[in-house]
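Report on one structure; see the data block that follows.
All of the numbers you see were taken from the coordinates with simple rules; none came from a lab. Since the structure is predicted, the reported quantities are computational estimates derived from the model, not experimental observations. Cβ coordinates were reconstructed from backbone atoms using ideal geometry, including for glycine residues, and neighbour counts include every protein chain displayed.
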Amino acid sequence: MIELTARSPFNGTLPLSVGALNLSQVDAGQMTALSPRKGQGKALASAFKQAHGIAWPGPGRISGREGCRALWFGHSHVLLMGPVPDATLCQHAAMVDQSDAWGVVRIEGAGVRDALARLTPLDLRETQFKRGHTARSEIADMPASVTRIGAQSYQVMVFRAMAGTLVEEIEVAMRGVAARAGGCDHAIGNHD
Amino acid sequence: MRLTGGGLIDRGKVMRFTFDGRSYEGVGGDTLASALLANDIRLVGRSFKYHRPRGVMTAGSEEPNALVTVGRGGQQEPNLRATMLELHEGLAARSQNAWPSLDWDLLALNDAFAPFLGAGFYYKTFMWPRAFWERVYEPIIRRAAGLGALSGAHNTDTYEKAHAHCDLLVIGAGPAGLMAAREAARAGADVIVVDEDNRPGGRLNAETEEVDGKPGYLWAQELVAELVAMGNVRLMTRTTVTGVYDQGSFGALERLPAEVAARPGAPRECFWRIATRRAVLAAGSLERPVAFAGNDRPGIMMAGAVRAYVNRWAVAPGRCVAVFGNNDDAHRTAADLMAAGVHVAALIDSRPDARSDLDLPFYAGARVCGSSGRKGLEAVDIELALGRREKIRVDCLAVSGGWNPSVHLACHMGGRPEWSDDIAGFVPRDDMVPGMAVAGASAGAMSTHACLKSGVEAARTTLSELGIKMPDKAPALPQADDAPYRITPLWQVHGKGRAWLDFQNDVTVKDVAQAARENFRSVEHMKRYTTQGMAPDQGKNSNVGALAVLADATGRSIPQTGTTTFRPPYVPVPIAAMGAGAQGQGFAPRRLTTSHAASQSMDAPMIEVGLWYRPSYFPRAGETSWRQSCDREVAHVREAVGIADVSTLGKIDIQGADAAQFLDFVYTNTFSTLKAGRVRYGLMLREDGHVMDDGTTARLGQDHFVMTTTTAAAGQVMRHLEFVHQCLCPGLDVSMISVTEQWAQFAVAGPKSRDLLNGVLDAPVDAERFPFMGCGEVTLGDVEARLFRISFSGEHAYEIAVPARYGESLFRLLVARAEEMGGGAYGMEALNVLRLEKGLLTHAELHGRTTAFDIGMERMISAKKDCIGKAAAARPGLTDPDRERLVGLKPVGAVKQLTAGAHLFGEADAATRENDQGYVTSVGFSPTLGHFAGLGFLKRGPERHGEVIRMVDHLRGIEALCEVTAPAFFDPDGGRARD
């Protein structure tokens, strides 16, 4: 019998640290895109809550926790990260496996927002993009999903095929931030 | 000369630098300009056209003369303004535009020919002979005229781009900007304060006046400390706002201090995009010169700059100084110089009613009318009220012609400023930029008190617009100077000799007058005819002066004459900063297939298809050209089995009770009749009736389809489907998502493909379970896969899809098995030849201007149902039999080569546009057929099979006779794929 070997999208390039910032791969487990069938939005939300114990997230929001998390993933999609979706949900939703479609990383540490400011036009100010907020936007010209999962911690997802570019671009941004942090009087004070 | 006391400098921090190879010393806080002046260096550069000696004229980013080059090789950066270049240890600056040296510049000969080199000289002189312009005249002129140069080497510095967001952007950290920021910050707004200086405070750093009972610079310093401590204020120094764009977007260029930029990974500059809800423009004002004969000599400086050098940098720009002005700032300058112990030889005020209590030679109603000195100022000539002339020996002249509010940014969205007689300058109108208020000197507030007041007012207006609560009463203003601004305009002193307006582009009063004489009377025409305002300073020092002279020459008023258009950027922005990160491979993200590393290990050269990288061919030992590899790979597929990564094709998962109905609407043909477990080829039109894309769609279940698109159109098709669903048929129960990246998919093609698969799949496939155009699930050990029996090569073939994590592993396995069976991997070249032999299409043919009729698929537009593009495709113009339609082309003459892009002509016709019969879209050498095969579009093509036509490639100089054939050359019945 044939045995195929699995490869991660990041292929040994992670984790890496630059200054106070860390970039690591997130092994999200199963990732499933759920999209409500016509008129099934409410039924899906309650069945989802019942099956997985976490709320169906509204636009721009996430629910759950590490290991079982739901991300708003576009105008008609939610991405369930972690568990295998309850099979009965298919009465209410189109479910599509996305486990291999995305490279998922976590970037964290002091100055993480400065690094992200070099990569995305998203307004990540404390007051605007709080813990539990998520957005579909772009990172270094790549379509991306950006989620704030902690005070100084963000999850970033791009297409699997662009995972290499993602690591390179984030590393450059992290280096730029770290270099400034070494005693630069440029940005005195901050927003947070 | 450095003064013995005072200044906002760190005398303990001595720094060595070089200028043109000679070593000097400066101190902490110096700019290159202040350090040069401290070392008594007045000659800093040569002018653009006449190579006139020039020195430091200003103390800010508007500096027209003191431009230098730093760095070597890839790090060489020209045209840096010495006034903005912070001194640092080891700085090595070089002068520009002089040969062989700054001191002894042979090109200064141009100056002797000045009478011939005025405005319009080039236009008039180099008209004839016409061909000489590009080859002879232009290279000579370009060599003689110019500023600094790049090295020609690739830039090795790092640059950065970044985004920032706020409620209020305050542009300028002078008294007005700081008050606006304080007011907004106290009310709780998110504030960004941007200033191009490294030290906030604006003019307060350059003046001796007091604010709130303490020195102005100290008041600013304390206020900045207070703001920064508040937490909701971000101060960005060394950052110049360069442009204003729609919806609260601003561009800004940040220069990093040299010691930071030198750290590994640090950028030299960062280009910011700032998104804000509101903005306050408090950019101050720029002092303007007066045009008099010889006003460009090194040592002649702006009066405000002289005060800045004396007060901020403790530098005396001269040992014996005269001051000339038309407003009270001249008096202030003389007073500051005297207070600093510098000898002031004369105070010349053009206003006849001016008074002065200062203990110095005072000339009211007098004007400076000339200057002398070889490489620096030695004396000025003054014209006294009674018509007498006097020569005064000085080595520095401080000039003030008044102040021009910095209205530039307020005008970036097309608004024009209005003339204010009160301050003899242009001021912004209301609401020139939505959401932007203008405060301080930018708005024409000319005293410190007025600036503080207008800063608070601008912030309060802004806060109320934002709905942010603030105290009802504005806070008490700090005590500050509120002297009225008294000015009597003086633009030029008439007389003999050249009087400069635009120092950077060497434009004189005479040039502007001549433009007017030659009927270039519009300010925009004058600008282009004389090049006034077109140098890197964009006329900051000269625009208002030049249009005043133009107004005078044309007998109009200044408001009637108007200004030229203010456009971004406000200061020069290196392309490297705007395009930060985009050098080399950073230009675009790379999209790599799961087989990328495996293909690279097989030495496959990559070609880019959109963002994807795909292997071109897989060379083997002994093969010396791509054609050999390609021919072999084609033979593998025709005779054994080939493997190709086709993961880049778009894959869209479509589900829902109405999914079939939806597909019927977006495809020209019918999908609702497709059985589960079967695949169908589909054609998709745009609304305008032209072909958008083609591909196969598989029905995995009753309500579940997976559509494939071409690689090129994957994004476009996804967007189109979303549009159709959301806007045209939102009532349908259908949802879709891209699964392109979820699945790694490989073509297994050739007569031995089934044998190969049966060696790797857990359960063998047979014709019954997987007939041609069948699909279903299969397993490879633990891995669930999808198998499609489809063919883009015309052979018995499959595509197998596995979750992407297994892609590399499966690719290596399939290639190894194929090699054992006499086949192997094939790349894009072979893939292209294979499909050409079969007459199958790609986006070379579906290029956006072809219809279903053109490609011979008009019958695929189902008559039984509606679809996107159906009505438009039926328009007479799109079904005209005379249209260029798809044909195959086969060489039949002496020349055996076909080329894509060539045009088709009748055999006897001249190869001219009028006789054009069509064009060639794709060609390739077919090893199977033994000749080139081409696809193209030919007028009435399908009716002309068998005819011989002429292919002419004008670009490559290739001509060939071709026979027109059906598009499918090989196995036209398709029996091989069905077997």
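Shown in residue order for the stretch B:557-567 are the 3J(HN,Hα) couplings computed by the Karplus curve 6.51 cos²θ - 1.76 cosθ + 1.60 at θ = phi - 60°: 8, 5, x, 5, 6, x, 9, 6, 7, 8, 10 Hz (x for Gly and Pro). Taking every residue in B:587-597 and counting other chain Cβ atoms within 10 Å of its Cβ, the average works out to 5.
For A:ARG61, what residues show an amide H to amide H distance below 5 Å, using hydrogens built from the backbone and excluding near sequence neighbours? For A:ARG61, whose amide H was placed from the backbone, the distant partners under 5 Å are A:TRP72, A:THR134. Taking the centroid of alpha carbons for each part, the stretch B:238-294 and the stretch B:399-423 are 18 Å apart. Here is the list for the stretch B:42-97: trypsin sites (Lys or Arg not before Pro) lying in DSSP coil, each with at most 13 other C-beta atoms within 10 angstrom of its C-beta, are B:ARG72. Dividing the Cα radius of gyration of the stretch B:835-978 by 2.2 N^0.38 Å, with N the residue count, gives 1.07.
Annotation: average projected area of chain B is 50.1 square nanometres, based on the convex hull of Cα atoms across all directions. Listed by chain and number, the lysines whose alpha-carbon sits under 28 Å from that of A:LYS42, ignoring those within fewer than 8 places in the same chain, are A:LYS130.
Pairs exceeding 26 Å between alpha-carbon atoms, taken from B:LYS124/B:LYS527; B:LYS375/B:LYS496; B:LYS161/B:LYS527: B:LYS161/B:LYS527.
Over the Cα atoms of the protein assembly as shown, the radius of gyration divided by the Kirkwood radius equals 1.05; this is the Rg/Rh ratio.
Rg/Rh for the stretch B:679-741 stands at 0.94; both radii use Cα atoms, and Rh follows the Kirkwood definition.
Students often get this wrong, so check it: of A:LYS38/B:LYS651; B:LYS13/B:LYS391; B:LYS391/B:LYS510, which have C-alpha atoms separated by over 30 Å? Please list the in-between numbers first.
On the way: A:LYS38/B:LYS651 23 Å; B:LYS13/B:LYS391 41 Å; B:LYS391/B:LYS510 24 Å.
The answer is B:LYS13/B:LYS391.
Partner lysines whose Cα lies under 23 Å from the Cα of B:LYS453, excluding those fewer than 8 positions away in the same chain, are identified as B:LYS214, B:LYS469, B:LYS473. Under 20 Å Cα-Cα from B:LYS865, which lysines qualify once same-chain neighbours fewer than 8 residues away are excluded? Result set, ordered by chain and number: B:LYS675. Computed as a quarter of the hull surface, the mean projected area of the alpha carbon convex hull for the stretch A:30-97 stands at 3.8 nm².
Note on the stretch B:490-556: semi-axes of the ellipsoid equivalent to its C-alpha gyration tensor, largest first and rounded to whole Å, are 16, 14, 10.
Every pair of different Cα atoms in the stretch B:10-110 enters the Kirkwood calculation, which places the hydrodynamic radius at 13.6 Å. Convex hull volume per residue, computed on the Cα atoms of the stretch B:358-512, equals 175 Å³.
Helix B:329-339 and the longest principal axis of the C-alpha atoms of chain B enclose an angle of approximately 70°.
If only the Cβ of Lys and Arg carry +1 and only the Cβ of Asp and Glu carry -1, the dipole of the protein assembly as shown around its Cα centre is close to 1060 debye. With θ taken as phi - 60° and the Karplus curve 6.51 cos²θ - 1.76 cosθ + 1.60 applied, the whole-hertz 3J(HN,Hα) list for the stretch B:787-797 is 10, 10, 9, 9, 9, 10, 10, x, 8, 4, 8 Hz, x standing for glycine and proline. Computed from backbone phi with θ = phi - 60° and the Karplus coefficients 6.51, -1.76 and 1.60, the 3J(HN,Hα) list for the stretch A:23-31 is 10, 9, 7, 10, 8, 7, x, 6, 10 Hz; x is used for glycine and proline. Which value in deg cm²/dmol, rounded to the nearest 500, describes the helix-derived mean residue ellipticity at 222 nm for chain B, given -39,500 (n - 2.57) per DSSP H run of n ≥ 4 and division by the residue count? Computed mean residue ellipticity for chain B: -6000 deg cm²/dmol.
Here, the stretch B:208-325 yields an orientationally averaged convex hull projection of 12.0 nm² when only Cα atoms define the hull.
Residues whose amide H comes within less than 5 Å of that of B:CYS369, counting only those at least five positions distant or on another chain, are B:ASP381, B:ILE382, B:GLU383 (H built at 1.01 Å from N in the peptide plane). One compactness figure for chain A is 1.10, namely its Cα radius of gyration divided by 2.2 N^0.38 Å. Solvent-free Debye calculation, one equal scatterer per alpha-carbon of the stretch B:455-494: log10 I(q)/I(0) at 0.26 Å⁻¹ equals -0.94.
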